[in-house]
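**Student:** The structure's right below; bear with me while I get my questions together.
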Amino acid sequence: MTLLTPITSAQPAGFDELRNWLSARCGIHYPENKSDLLRQRLARVQMAHQLRDLKDMAQRVVQAQQHDLQLAVMHAASTNHTYFFRERDVLDAVRTTILPVLANRPEIRIWSAASSSGEEAFTLAIMIAELFGAEALKRTTILGTDISAPVIERAEKGVFSDRQMEHVSADLRRRYFAPVGLGQYQIRQDIRNACTFRWMNLKAQPFPFTKPFQIVFCRNILYYFDRPDQIATVRAIHDVTEPGGWLVTSVTENVRDLLSGWQPVSSGISRKGVR
Ligand SMILES: C[S@@+](CC[C@H](N)C(=O)[O-])C[C@H]1O[C@@H](n2cnc3c(N)ncnc32)[C@H](O)[C@@H]1O
């Protein structure tokens, strides 16, 4: 059995290398004042993979490029907190001003960039079903992507706990979810069929999509990125959004000065010019 050296600031070897790798590879920044949080998160990876110390971890992740360990570090370093109907005011604006414009489109294409476990994508599918009827789900494609493989697996299962569904009304719960265990609910099959989830790193640009999206949600992710990465991400999203399409960001993220090429519409919502 490997003897594990506890990860503390007294054992710095490998820490900066891993922190820099996370920043360069994933855009996830841990400033000095968050170093302890990163150490705690890396300690979980150390335990799960029985690694001697951070130097050993850095050697495998950075030099040897061990893919399974790289994924584990990316997952451990990311904050996946999300829930259904997050930032309801913005969603209300999407429902009243954006979705009606798409009412007669043969295909509705939405990207939930940094989807975490899928609550944002499923919320949008429910909103579409409520607004246009369940038939509209057949012409709806909602893509959810995330850098954390375990959350993508969770999204694909579509099973949620009471805590994640706190903001789902009793009526919507009854109509869109089926109990599948103690305090666990699975979302309806037609909602799941409208949503596809894939692992994807937002730092890998340009984005590999051939068909543009009408709406891109990029919420509660930009604040992990430094300024150049924020600007590059918002630009790369611009390239995969159709003319006149929308970008939805979080109202808690200050993105105003990043949005060249986007016209501000309302809090959290911007629109791409028509040409
Ligand atoms: C706080 S969650 C946001 C979920 C959802 N968009 C919301 O607003 O509730 C942030 C997500 O971004 C993902 N993430 C972090 N860096 C990423 C990157 N470089 N590429 C793709 N996803 C990333 C994390 O794994 C995490 O699931």
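All of the numbers you see were taken from the coordinates with simple rules; none came from a lab. The structure presented is a predicted model; accordingly, all values stated were derived computationally and were not measured. Here Cβ is always computed from backbone atoms with ideal geometry, including for glycine, and neighbour counts include all displayed protein chains.
**Student:** Taking GluC sites (Glu not before Pro) as exposed when DSSP calls them loop (any state but H, G, I, E, B) and at most 15 other Cβ atoms lie within 10 Å, what is the longest stretch of the chain free of them, the sites themselves excluded?
**Tutor:** Between the exposed loop sites, the longest stretch runs 167-275.
**Student:** Using the count of nearby Cβ atoms within 10 Å as a rough guide to exposure, how do ASP89, ASP53 rank from fewest to most?
**Tutor:** By the 10 Å Cβ count, ascending: ASP89, ASP53.
**Student:** Equivalent ellipsoid semi-axes for the range 160-275, as square roots of 5 times the alpha carbon gyration tensor eigenvalues: give them largest first, rounded to whole Å.
**Tutor:** Largest first, the range 160-275 gives 31, 16, 15 Å.
**Student:** What relative contact order, as a whole-number percentage, does the chain give when Cα pairs under 8 Å and 6 or more residues apart are counted?
**Tutor:** Dividing the mean separation by the residue count of the chain yields 17 percent.
**Student:** With each run of n ≥ 4 DSSP H residues scored as -39500 (n - 2.57), what mean residue ellipticity at 222 nm is computed for the chain after dividing by its residue count and rounding to the nearest 500 deg cm²/dmol?
**Tutor:** For the chain, the value works out to -10000 deg cm²/dmol.
**Student:** Something else: Of all the Cα-Cα pairs you can form in the range 174-229, what percent are over 15 Å apart?
**Tutor:** 71 percent
**Student:** Right, here's the next one. Dividing the Cα radius of gyration by the Kirkwood radius, what Rg/Rh value follows for the range 85-161?
**Tutor:** 0.97
**Student:** By count of other Cβ within 10 Å, fewest leading, how are LYS203, LYS34, LYS211, LYS272 ordered?
**Tutor:** The most exposed by this proxy come first: LYS211, LYS34, LYS203, LYS272.
**Student:** Can you work out the base-10 log of I(q)/I(0) for the range 15-77 at q = 0.12, 0.18 1/Å, using the Debye formula on its C-alpha atoms alone?
**Tutor:** Evaluating at q = 0.12, 0.18 Å⁻¹ gives log10 I(q)/I(0) of -0.23, -0.54.
**Student:** Shifting gears a bit: Mind checking the dipole of the range 150-275: about its Cα centre, +1 per Lys or Arg Cβ, -1 per Asp or Glu Cβ, Debye to the nearest 20?
**Tutor:** Magnitude of the dipole: close to 260 debye.
**Student:** Can you count the Lys pairs in the chain whose Cα atoms are under 29 Å apart, with each pair 8 or more apart or on different chains?
**Tutor:** Lysine pair count for the chain: 11.
**Student:** If the viscosity is 0.692 mPa s and the temperature 37 °C, what Stokes-Einstein diffusion coefficient in µm²/s follows for the chain when Rh is the Kirkwood radius over Cα pairs?
**Tutor:** 165 µm²/s
**Student:** I've got another one for you. Taking the Cβ-Cβ separation of TRP199 and VAL101 as r and a Förster radius of 35 Å, what is the calculated FRET efficiency to the nearest 0.05?
**Tutor:** So the FRET efficiency works out to roughly 0.70.
**Student:** Further, regarding this structure: Above 18 angstrom, tally the Cα pairs of the range 1-141 and express them as a % of all pairs, no decimals.
**Tutor:** 63 percent
**Student:** Arranged by the count of other C-beta atoms within 10 angstrom, fewest first, what order do MET200, MET57 take?
**Tutor:** Final ranking by Cβ density, sparse to dense: MET200, MET57.
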